[in-house]
Amino acid sequence: MSTFDRLNATALTVDIDGIGYRGTTLAQLMAPPRSLTEAQVLPAIQSVLKGWVDEQAEALRQKVMTAGAGQAMEYQEVRDEAKAVLALDDPTKASGSDFPMLSASIGTNLDPNTGKPTSDIAGEARAASEEAKAWLAIGAPIRGARLKGKQSVDKAATIADACAVVDAISWPALS
C-alpha cells in the first residue's frame with residue numbers, strides 16, 4: 001500500500017490549527033464538512049509521516065537487536081565496559097566485579113580470538129567489541145536513511161510529495 005493510500009485508510013490523530021482530530025483519515029480531513037486545505041493539513045501530515053519513518057527504522061533495527069529501552073541501556077553499558085577492558089594494559093586481568101555486565105555474559109558469546117565460548121572478561125570484551133562494530137555497520141545506514149527521509153518530508157511542498165518521499169526511502173538491506 002502506498003503511503004498516500006495508507007493516509008486515506010488509517011485513522012489518524014492530528015492537531016490542526018489548535019483543533020484535535022481523532023480517528024480521521026486524510027480524505028475525511030479534506031472533505032466536507034471539514035474541508036480543510038492542503039496548506040492547513042500538510043504540517044500535521046508531515047508529523048505523521050515522520051513518525052512512520054521512525055517506525056520503519058525501528059522495525060529494521062528490531063530485526064537485528066532486541067527491542068526495549070532497558071535493552072538499549074544494557075547494550076550501551078556492555079559496549080562501555082568492553083572499551084574500558086580493551087584499553088587496559090592487560091585485559092586478561094580484568095575483574096568481574098569491575099565489569100559486571102561482561103562478567104554476567106561469560107560463556108554466552110564466542111571469543112573472536114578463539115572461536116570458542118568466552119572464558120574470561122577479556123574474551124567477552126572482544127566479543128562485545130565485535131558486536132558493536134557489526135551494529136554500527138547496520139545502524140549507521142538505518143540512521144542515515146531515517147534522518148534524510150524525515151528531512152525530505154519536512155521540505156515537501158505537498159502531501160503527495162511528502163508521501164512520495166516516504167515511499168522512496170532507500171532502507172539498507174539486512175543480511
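Across region 90-102, coupling constants 3J(HN,Hα) worked out from phi with the 6.51/-1.76/1.60 Karplus curve, θ = phi - 60°, read 9, x, 5, 9, 5, 9, x, 5, 7, 9, x, 5, 5 Hz, and Gly and Pro carry x.
Compute a Gaussian network model of the chain, connecting alpha carbons closer than 10 Å, and tell me which residue from 80, 54, 98 fluctuates the most. Maximum fluctuation in the GNM of the chain, among the listed residues, is at 98.
A cut-off under 13 angstrom between Cβ atoms defines the neighbours of residue 167, and their net charge, with Lys, Arg +1 and Asp, Glu -1, is -1. Over the chain, Cα pairs under 8 Å with separation of 6+ residues give a relative contact order of 22 percent. By the rule of a C-alpha distance below 20 Å, with chain neighbours fewer than 8 residues away ignored, the aspartates and glutamates paired with residue 133 are 58, 74, 77, 80, 81, 111, 124.
Past 28 Å, Cα to Cα, is the threshold; run 83/148; 63/155; 63/93; 83/155; 50/83; 63/116 against it and keep the listed order. Walk me through the numbers before you get to the answer.
Numbers: 83/148 30 Å; 63/155 30 Å; 63/93 35 Å; 83/155 40 Å; 50/83 34 Å; 63/116 25 Å.
Too far apart for the 28 Å limit: 83/148; 63/155; 63/93; 83/155; 50/83.
If the segment from residue 161 to residue 15 were pulled out straight at 0.36 nm per residue, it would be longer than the present Cα-Cα gap by 50.5 nm. Mean sequence separation of contacting Cα pairs (under 8 Å, at least six apart), scaled by the length of region 1-97, corresponds to a relative contact order of 14 percent. Taken as Cα centroids, region 1-28 and region 99-170 sit 32 Å apart, rounded to the nearest whole angstrom.
In this structure the amide hydrogen of residue 109, modeled in the peptide plane, comes within under 5 Å of the amide hydrogens of 118, none closer than 5 places in sequence on its chain. Taking amide hydrogens as placed 1.01 Å from N in the peptide plane, the amide H of residue 12 sits under 5 Å from those of 23, 24, 25, each at least 5 positions away in sequence or on another chain.
With an a/c value under 1.5 for the gyration tensor axes a ≥ b ≥ c computed over the alpha-carbon atoms, region 77-131 is described as rounded.
The numbers here are math on the coordinates, done by the rules we state, and not lab data. A quick note: this is a predicted structure, and the numbers were derived from the prediction, not measured. Positions of Cβ are backbone-derived with ideal geometry, glycine not excepted, and every protein chain shown enters the neighbour counts.
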